[in-house]
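The values are calculated or read from the model by the stated rules, or taken from the named source; none is laboratory data. Because the structure is predicted, anything quoted here is derived from the model rather than measured. Ideal geometry is used to build each Cβ from the backbone, glycine not excepted, and the neighbour counts take in all protein chains shown. In case anyone asks, the SASA skips ligands and DNA or RNA and just uses the protein heavy atoms, side chains included. Shrake-Rupley method; radii C 1.70, N 1.55, O 1.52, S 1.80 Å.
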Amino acid sequence: MVSFIVIIIVSILFFIIFSILLGGLNKSKLRLLVPIQKSANKLKRKKLYNNLTLIVFIAIITGFREYYKLKDIDYGILLGFLFALTDITFNDEIPYKK
């Protein structure tokens with residue numbers, strides 16, 4: 001039970017951190033995820049694809065965790081990163097060019 005709580009807390013914390021970092025990179029001159037966002041915005045069933053992507057990422061990271069024997073904190077960091085990545089990728093807001 002304690003490990004589940006640790007994973008949840010670390011995932012939320014790193015989701016916030018990676019959301020800020022990826023959002024900053026997306027708004028900078030790099031516009032890192034804008035091409036992916038444009039193609040994701042063209043999808044008709046975007047919510048379905050967002051949920052499927054999350055499920056696939058969780059399955060991959062869980063297998064990765066079991067294979068490499070990752071600790072709870074490392075697992076939470078990876079989950080936080082992937083949640084932030086999918087959140088920004090399927091977000092409707094695309095930064096404009098300046």
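Numbers below:
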item	result
Residue within the stretch 7-24 that is out of contact with any helix residue (DSSP H, G or I) (no Cβ under 8 Å at 6 or more places or on another chain), closer than 18 Å to T89 by Cα and of a type in the set (S, T, N, Q) present	no
Contacts under 6 angstrom Cβ, first residue in the stretch 68-94 being open to solvent by 70 Å² or more (accessible area, probe 1.4 Å), partner among the aliphatic types (A, V, I, L, M) and assigned to a helix (DSSP H, G or I), 6 or more apart	I73/V10
Filter result for I61 (surrounded by 13 or more Cβ atoms within 10 Å (Cβ to Cβ), over 18 Å from F90 (Cα atoms), touching a Phe, Trp or Tyr at 6+ places or on another chain (Cβ under 9 Å) and in contact (Cβ under 8 Å) with a residue 12 or more places away in the chain)	yes
Single condition L70 does not satisfy, out of (1) of a type in the set (A, V, I, L, M, F, W, C); (2) in a loop (DSSP other than H, G, I, E, B); (3) out of contact with any Phe, Trp or Tyr (no Cβ under 8 Å at 6 or more places or on another chain)	(3)
Among (1) open to solvent by 70 Å² or more (accessible area, probe 1.4 Å); (2) more than 16 Å from F83 (Cβ to Cβ), the one test that N41 misses	(1)
Looking only at the stretch 15-38, and only at residues there that are part of a helix (DSSP H, G or I) and open to solvent by less than 60 Å² (accessible area, probe 1.4 Å), the one that is farthest from F4 (Cα to Cα)	V34
Set I12, I7: member being open to solvent by less than 40 Å² (accessible area, probe 1.4 Å) and part of a helix (DSSP H, G or I)	I7
